[in-house]
Structures are given as C-alpha cells and as structure tokens.
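The next block holds one structure in the form of structure tokens; read it before the comments.
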Amino acid sequence: MTLTVSNLTANVTTTDNVVTGTGIFDDLMETVNTHLNAQFNLNRITSTDYAEVYVTAMAAAMQQAVAYTIGQEKQNAESTLLFQKEVTEFAQTGQSTKTAATSTSVMGAQTTVSVEQAKGFKWNADQKYLKTILDAWAINISTSGIAATGVDAINETGLGNINSQISNAEPLPN
C-alpha cells in the first residue's frame, strides 16, 4: 500500500488567493476554509484566534485525508482478496453459485475419497475379524480331531457362509 502526495493533493491552482485542487486534502481544506471564513465573518472567530484555528484545522484535515486514502486502498485490496476467495471457493465446489459442491469438484472429490477411506477402514477391520474367526475355526478343527471342510455359521446370526461375508466386506469399485 503506497501513499503518495498525488493521493492527497493534485492539480493545485490559486485564483484570487483561493487555493483549489482535486486531491482529498485539497477538497477537505476547501471545505475547512469556507467554514472558517464564515465563522470569521460572523465574528465568532477573532483575528487573534484565526491562525491557531487554521493550523489546527489544517492538521486535522491532513490526518483525515491520509486516513481516508489508506482506508480506500485497504478497501480496493480487500475487495480484490474477496473476489479471489470467491473464485477459489467456486473452483473447490465446482459451482458458480452458493450451492453444494459437485462430485467432480475438489471438495466433491475429497468427500468421495473420505467415503472410500471409511469403506476401506471398515473392510480392513472386517478382514481382520474374519481372519481371527477363521484362525480360531482352524485351531478348533485341528484340535478336535474331527475332519471338516465346510465353514458354516460364521456370522452372528449363524446363517450364510464365509464367501458372502467376504463379498459383503469388500469396498465398492470406483
């Protein structure tokens, strides 16, 4: 953010001892001078106080001109930033309006990845559970002395077979 003299005062001219210009400070000082002269003409400000009031008013006008200029520069910079944020948000959601993200957008893809990761974690847990059950079953069969080749009643309800359990635990293809 660069504050220059041209922001504050520009195109200054003097006609009949009246200073005019197009800068922010120039505009404020024209207003200050008009009010100050009106108060002087109404004898509310005496000649002895005029210089003191003028210097104080000029310092205040300069301070306000600088503050206004900096505020305007911040507002142009802020609006540029907000526009860029809007572009970024729309790119992430795949939308040009304020609606939910599409499945092909960055956020939509992230959601899909999260869902698939959750499926993968569940599938991994189910596979570990099935391995534990099959290992227990194999130990049971080998120590009982009864030859058996079928694996039935593995799930909680006692119905189905191991192949359907494995099939149900697989993650879905993309």
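The values are calculated or read from the model by the stated rules, or taken from the named source; none is laboratory data. Please read these numbers as outputs of a predicted model, since none were measured by experiment. So basically every Cβ, Gly included, is an ideal-geometry build from the backbone, and we count neighbours across all protein chains shown.
Go through the residues of segment 22-39 one by one and say whether even a single one is at pLDDT below 85, surrounded by 10 or more Cβ atoms within 10 Å (Cβ to Cβ), over 37 Å from the mean Cα position of the chain (by Cα) and at negative phi. Yes, that holds for at least one residue. Annotation note: of ALA136, ALA67, ALA91, the sole residue that is of a type in the set (A, V, I, L, M, F, W, C), without any contact (Cβ under 8 Å) to a residue 24 or more places away in the chain and within 30 Å of HIS35 (Cβ to Cβ) is ALA67. The set of residues in segment 23-48 being in a helix (DSSP H, G or I) and in contact (Cβ under 8 Å) with a residue 24 or more places away in the chain consists of ILE24, PHE25, LEU28, MET29, VAL32.
Return a yes/no flag: does segment 82-98 have any residue that is over 17 Å from the mean Cα position of the chain (by Cα), of a type in the set (Asp, Glu) and loosely packed, with under 13 Cβ neighbours inside 10 Å. No, there is no match, as no residue in segment 82-98 is over 17 Å from the mean Cα position of the chain (by Cα), of a type in the set (Asp, Glu) and loosely packed, with under 13 Cβ neighbours inside 10 Å. Got at least one residue in segment 51-60 being in the same structural domain as LEU81 (by TED's automatic domain parsing), part of a helix (DSSP H, G or I) and within 30 Å of LEU81 (Cβ to Cβ)? No, segment 51-60 contains no residue that is in the same structural domain as LEU81 (by TED's automatic domain parsing), part of a helix (DSSP H, G or I) and within 30 Å of LEU81 (Cβ to Cβ).
Only one residue in THR34, THR20, THR15, THR93 is closer than 30 Å to THR112 by Cβ and among the hydroxyl-bearing types (Ser, Thr, Tyr). Which one?
Sole residue among the options that is closer than 30 Å to THR112 by Cβ and among the hydroxyl-bearing types (Ser, Thr, Tyr): THR93.
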